[in-house]
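The values are calculated or read from the model by the stated rules, or taken from the named source; none is laboratory data. In this text the structure is predicted, and so the values were computed from the model without any measurement. A quick note on method: Cβ atoms are made from the backbone with ideal geometry, for glycine too, and the neighbour counts reach across all protein chains shown. Keep in mind that these areas ignore ligands, DNA and RNA; they rest on the heavy atoms of the full protein, side chains included. Shrake-Rupley method; radii C 1.70, N 1.55, O 1.52, S 1.80 Å.
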Amino acid sequence: MIEKLYDLKKTQIDRKLVEKGQLMQQIDAIETELTITQTKINTTGVQPHGAISDFAILQMHKNSMKQHMLKLEAKKKQLNKKHEIVVQELIELQKQSEQFNYILQEERKEKIKLALAAEEEASSEYMQSKYIRG
(Lines give C-alpha, C1' and ligand atoms only; values in the text may rest on other atoms or scores of the structure.)
Protein backbone atom coordinates (compact mmCIF):
# COMPACT_ATOMS: atom_id res chain seq x y z
CA MET A 1 0.00 0.00 0.00
CA ILE A 2 2.78 2.40 0.94
CA GLU A 3 4.55 1.54 -2.30
CA LYS A 4 1.46 2.52 -4.30
CA LEU A 5 1.25 5.81 -2.42
CA TYR A 6 4.94 6.41 -3.07
CA ASP A 7 4.45 5.73 -6.80
CA LEU A 8 1.44 8.06 -6.83
CA LYS A 9 3.48 10.85 -5.28
CA LYS A 10 6.27 10.29 -7.81
CA THR A 11 3.73 10.56 -10.63
CA GLN A 12 2.28 13.73 -9.13
CA ILE A 13 5.77 15.20 -8.84
CA ASP A 14 6.45 14.43 -12.49
CA ARG A 15 3.20 16.12 -13.53
CA LYS A 16 3.98 19.20 -11.46
CA LEU A 17 7.46 19.39 -12.98
CA VAL A 18 5.91 19.33 -16.45
CA GLU A 19 3.44 22.03 -15.41
CA LYS A 20 6.29 24.10 -13.98
CA GLY A 21 8.21 23.76 -17.25
CA GLN A 22 5.20 24.89 -19.26
CA LEU A 23 4.72 27.92 -17.03
CA MET A 24 8.38 28.84 -17.39
CA GLN A 25 8.10 28.58 -21.19
CA GLN A 26 5.06 30.87 -21.17
CA ILE A 27 6.85 33.39 -18.95
CA ASP A 28 9.90 33.33 -21.23
CA ALA A 29 7.68 33.85 -24.30
CA ILE A 30 6.04 36.85 -22.64
CA GLU A 31 9.42 38.31 -21.73
CA THR A 32 10.57 37.90 -25.31
CA GLU A 33 7.41 39.57 -26.63
CA LEU A 34 7.85 42.41 -24.14
CA THR A 35 11.40 42.97 -25.36
CA ILE A 36 10.31 42.95 -29.00
CA THR A 37 7.44 45.36 -28.30
CA GLN A 38 9.72 47.72 -26.36
CA THR A 39 12.17 47.68 -29.27
CA LYS A 40 9.34 48.50 -31.68
CA ILE A 41 8.23 51.40 -29.50
CA ASN A 42 11.77 52.75 -29.41
CA THR A 43 12.42 52.38 -33.13
CA THR A 44 9.06 53.35 -34.62
CA GLY A 45 9.09 56.73 -36.33
CA VAL A 46 7.79 58.86 -39.19
CA GLN A 47 9.36 61.02 -41.84
CA PRO A 48 10.91 64.13 -40.29
CA HIS A 49 8.87 66.41 -42.52
CA GLY A 50 5.67 64.35 -42.55
CA ALA A 51 2.20 65.56 -41.84
CA ILE A 52 1.03 66.30 -38.34
CA SER A 53 -1.46 63.45 -38.64
CA ASP A 54 1.47 61.06 -39.03
CA PHE A 55 2.64 62.05 -35.57
CA ALA A 56 -0.82 61.52 -34.13
CA ILE A 57 -1.05 58.07 -35.75
CA LEU A 58 2.43 57.25 -34.51
CA GLN A 59 1.46 58.25 -30.97
CA MET A 60 -1.69 56.12 -31.13
CA HIS A 61 0.40 53.18 -32.36
CA LYS A 62 2.89 53.65 -29.54
CA ASN A 63 0.07 53.92 -27.02
CA SER A 64 -1.49 50.68 -28.28
CA MET A 65 1.89 48.93 -28.00
CA LYS A 66 2.28 50.25 -24.44
CA GLN A 67 -1.21 48.96 -23.63
CA HIS A 68 -0.20 45.59 -25.08
CA MET A 69 2.88 45.61 -22.85
CA LEU A 70 0.72 46.32 -19.78
CA LYS A 71 -1.50 43.35 -20.63
CA LEU A 72 1.58 41.15 -21.06
CA GLU A 73 2.97 42.32 -17.72
CA ALA A 74 -0.32 41.45 -16.01
CA LYS A 75 -0.32 38.01 -17.62
CA LYS A 76 3.31 37.52 -16.60
CA LYS A 77 2.46 38.38 -12.97
CA GLN A 78 -0.41 35.90 -13.06
CA LEU A 79 1.87 33.19 -14.45
CA ASN A 80 4.51 33.97 -11.83
CA LYS A 81 1.88 33.52 -9.10
CA LYS A 82 0.89 30.17 -10.61
CA HIS A 83 4.57 29.25 -10.79
CA GLU A 84 5.02 30.01 -7.09
CA ILE A 85 1.99 27.86 -6.24
CA VAL A 86 3.33 24.98 -8.34
CA VAL A 87 6.73 25.26 -6.66
CA GLN A 88 5.10 25.10 -3.22
CA GLU A 89 3.03 22.09 -4.29
CA LEU A 90 6.18 20.43 -5.60
CA ILE A 91 7.91 20.96 -2.28
CA GLU A 92 4.98 19.40 -0.42
CA LEU A 93 4.82 16.45 -2.81
CA GLN A 94 8.55 15.86 -2.46
CA LYS A 95 8.26 15.92 1.33
CA GLN A 96 5.43 13.38 1.20
CA SER A 97 7.35 11.25 -1.28
CA GLU A 98 10.39 11.25 0.99
CA GLN A 99 8.23 10.22 3.93
CA PHE A 100 6.76 7.29 1.98
CA ASN A 101 10.22 6.35 0.73
CA TYR A 102 11.50 6.34 4.32
CA ILE A 103 8.60 4.10 5.40
CA LEU A 104 9.32 1.76 2.47
CA GLN A 105 12.99 1.55 3.41
CA GLU A 106 12.09 0.79 7.03
CA GLU A 107 9.64 -1.92 5.92
CA ARG A 108 12.34 -3.48 3.73
CA LYS A 109 14.82 -3.42 6.60
CA GLU A 110 12.24 -5.07 8.86
CA LYS A 111 11.56 -7.77 6.25
CA ILE A 112 15.29 -8.44 5.93
CA LYS A 113 15.59 -8.69 9.73
CA LEU A 114 12.67 -11.13 9.86
CA ALA A 115 14.13 -13.21 7.03
CA LEU A 116 17.53 -13.33 8.76
CA ALA A 117 15.91 -14.25 12.05
CA ALA A 118 13.91 -17.05 10.37
CA GLU A 119 17.04 -18.29 8.61
CA GLU A 120 19.00 -18.22 11.85
CA GLU A 121 16.23 -20.14 13.62
CA ALA A 122 16.12 -22.73 10.84
CA SER A 123 19.88 -23.20 10.93
CA SER A 124 19.77 -23.42 14.72
CA GLU A 125 17.07 -26.10 14.52
CA TYR A 126 19.10 -27.96 11.91
CA MET A 127 22.17 -27.93 14.16
CA GLN A 128 20.13 -29.09 17.15
CA SER A 129 18.61 -31.93 15.16
CA LYS A 130 22.06 -32.92 13.87
CA TYR A 131 23.45 -32.81 17.42
CA ILE A 132 20.55 -34.93 18.72
CA ARG A 133 21.09 -37.54 16.01
CA GLY A 134 24.79 -37.60 16.30
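Within region 10-19, the set of residues being surrounded by fewer than 13 Cβ atoms within 10 Å (Cβ to Cβ) and more than 11 Å from Val86 (Cβ to Cβ) comprises Thr11, Asp14.
Of the residues Leu104, Leu23, Leu72, Leu34, the single one that is under 27 Å from Lys9 (Cα atoms) and in contact with a Leu (Cβ under 9 Å, 6 or more places away or on another chain) is Leu23. Here is the figure for region 20-58: residues that are in a helix (DSSP H, G or I), at pLDDT below 85, open to solvent by less than 70 Å² (accessible area, probe 1.4 Å) and aliphatic (A, V, I, L, M) total 3. Is it the case that Ser97 is more than 29 Å from Gly21 (Cβ to Cβ), open to solvent by less than 70 Å² (accessible area, probe 1.4 Å) and either of a type in the set (S, T, N, Q) or touching a residue at least 24 places away in the same chain (Cβ under 8 Å) (or both)? No, not satisfied. Could you identify the single residue in Leu116, Leu90, Leu79 that is assigned to a helix (DSSP H, G or I), of a type in the set (A, V, I, L, M, F, W, C) and more than 30 Å from Gln12 (Cα to Cα)? Being assigned to a helix (DSSP H, G or I), of a type in the set (A, V, I, L, M, F, W, C) and more than 30 Å from Gln12 (Cα to Cα) holds for just one of Leu116, Leu90, Leu79, which is Leu116. Cβ-Cβ contacts under 9 Å between residues 6 or more apart (or on different chains), taken from a first residue in region 105-124 that is within 30 Å of Asp7 (Cβ to Cβ) and touching a residue at least 24 places away in the same chain (Cβ under 8 Å) to a second residue that is part of a helix (DSSP H, G or I) and among the hydrophobic types (A, V, I, L, M, F, W, C), are listed as Glu107/Ile2. Take the conditions (1) exposed (fewer than 11 other Cβ atoms within 10 Å of the Cβ); (2) of a type outside the set (Asp, Glu); (3) under 37 Å from the mean Cα position of the chain (by Cα); Lys113 misses just one of them, which is (3).
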